[in-house]
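Notes follow the structure.
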Amino acid sequence: MLARLDQGAVRQLMTNLKRIQARARELAGSGKFHGWRPIAFELRFEKGYEEAREWLHDAATQDEIDRLCQIARASKDEAA
């Protein structure tokens, strides 16, 4: 019984992490953010943030989110 609860909890943690990862990339692609820090602040209020906190504070993740923000903002500026 305990193993089943542990598997369910792990599954929920992974679901929350994937949701936050997708949301972070969505926000970065919106062109409304300048980098990972404002996105991390925005995500603080969403379910699953605690599970994704370590991911958000990883240097590779920060580079990815910053790059996505830069590309989205450049595309937005070109369209204007």
Filtered residue count, the stretch 44-54, keeping only those that are closer than 12 Å to N16 by Cα and either touching a helix residue (DSSP H, G or I) at 6+ places or on another chain (Cβ under 6 Å) or not charged (D, E, K, R) (or both): 4
Looking only at the stretch 18-57, and only at residues there that are under 11 Å from the mean Cα position of the chain (by Cα) and in a loop (DSSP other than H, G, I, E, B), the one that is surrounded by the most Cβ atoms within 10 Å (Cβ to Cβ): G48
Search result, residues across the stretch 63-74 that are surrounded by fewer than 17 Cβ atoms within 10 Å (Cβ to Cβ) and touching a Lys or Arg at 6+ places or on another chain (Cβ under 9 Å): E64
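Just so you know, all these numbers are worked out from the coordinates, no wet-lab data involved. Keep in mind the model is a prediction, meaning the values are calculated, not measured. Cβ atoms come from the backbone with ideal geometry, glycine included; neighbour counts cover every protein chain shown.
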